[in-house]
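What follows is a set of notes on a single structure, which appears directly below.
The values are calculated or read from the model by the stated rules, or taken from the named source; none is laboratory data. Every value quoted in this text rests on a predicted model; they were computed, and no experiment measured them. Using ideal geometry, Cβ is built from the backbone for each residue, glycine included, and neighbour counts are taken over all protein chains shown. Protein only, heavy atoms only, side chains kept; ligands, DNA and RNA dropped before computing areas. Shrake-Rupley method; radii C 1.70, N 1.55, O 1.52, S 1.80 Å.
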Amino acid sequence: MTPDELKRKVAEAVVDYVKDIPVIGVGTGSTVNHFIELMAGFKGKIDGAVSSSEGTSARLKQAGIPVLDLNDVGTLEIYIDGADEINPAMQMIKGGGAALTREKIVAAASKKFICIADESKQVDVLGKFPLPIEVIPMARSYVARQMVAMGGRPVWRENCVTDNGNQIIDVHGLNLVDPLSMEKAINDIPGVVCVGIFALQPAHMALLGTPSGVKVIG
Ligand code: 5RP
């Protein structure tokens, strides 16, 4: 099975978890895109979705699902999103698609985060995937120097402007054995809008696509 087929399988599997939920939080990425395609079947049956990116909003609208403003909705029952890496504590690296800030906001506003991914995203220790950090443009070099001081190798994701008008630095080689402390430390750097470590708010459940079926964790 290809990674894309595994992504389709988890997207199909997660449909059972969102049945009868009037407003769903929807993440960003190729795995979630499969889920959005399936959401076309919810048209007229749900009130709508809160989106984590402009790209996801466009796809939701195409599927006939109303896109709702988080400010009008309040707390969400459920948030469905992918991950670039997920460890046994359900902590994740996210932001490969540059949507990390809005993803973290919608996740925080949700009672339950279900991560959907193919099994290649499962790791023992986070950090092989370069850590995305969204930064205010004028702070890019400053934040990059702070990352070097913390042992990382920052690379500016050129030609990438986030939905919030900011820039992304991808940091290679960081030691992420303690994701919680690292998330807090990077959050404290002036100019950082959001770091792609999701440890303060890990997933509650993960559906991982494997060739022998969908593995449910949590
Ligand atoms: C976007 C993300 C995605 O969830 C992450 O990159 C996984 O994407 P994909 O489902 O395409 O593998 O964090 O910012």
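Things to note:
- Neighbours by Cβ (under 8 Å, 6+ apart or cross-chain): first from region 195-214, without any contact (Cβ under 8 Å) to a residue 24 or more places away in the chain; second hydrophobic (A, V, I, L, M, F, W, C) and more than 15 Å from the ligand (Cβ to nearest atom): 200/180
- Residue in region 144-156 that is assigned to a strand (DSSP E or B), of a type in the set (Val, Ile, Thr) and surrounded by fewer than 23 Cβ atoms within 10 Å (Cβ to Cβ) present: yes
Residues checked against (1) under 15 Å from residue 154 (Cβ atoms); (2) among the aliphatic types (A, V, I, L, M):
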| site | (1), (2) |
| --- | --- |
| 167 | yes, no |
| 199 | no, yes |
| 207 | no, yes |
| 210 | no, no |
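- Looking only at residues of region 5-36 that are surrounded by fewer than 23 Cβ atoms within 10 Å (Cβ to Cβ) and hydroxyl-bearing (Ser, Thr, Tyr), we find that the one that is nearest to the ligand (Cβ to nearest atom) is 30.
- Here 194, 160 are screened, and the one residue that is within 15 Å of the chain's Cα centre (by Cα), at pLDDT 95 or above and either of a type outside the set (D, E, K, R) or assigned to a loop (DSSP other than H, G, I, E, B) (or both) is 194.
- Among the residues of region 71-130, the ones that are polar (S, T, N, Q), surrounded by 17 or more Cβ atoms within 10 Å (Cβ to Cβ) and in a loop (DSSP other than H, G, I, E, B) come to 2 in all.
- Criterion violated by residue 104 - all others in (1) of a type outside the set (Phe, Trp, Tyr); (2) closer than 15 Å to residue 168 by Cβ; (3) touching a residue at least 12 places away in the same chain (Cβ under 8 Å); (4) outside the structural domain of residue 212 (by TED's automatic domain parsing) satisfied: (4)
- Pair list, Cβ under 7 Å, 6 or more apart: region 142-165 residue over 14 Å from residue 195 (Cβ atoms) and touching a residue at least 40 places away in the same chain (Cβ under 8 Å), other residue open to solvent by 90 Å² or more (accessible area, probe 1.4 Å) and not aromatic (Phe, Trp, Tyr): 163/54
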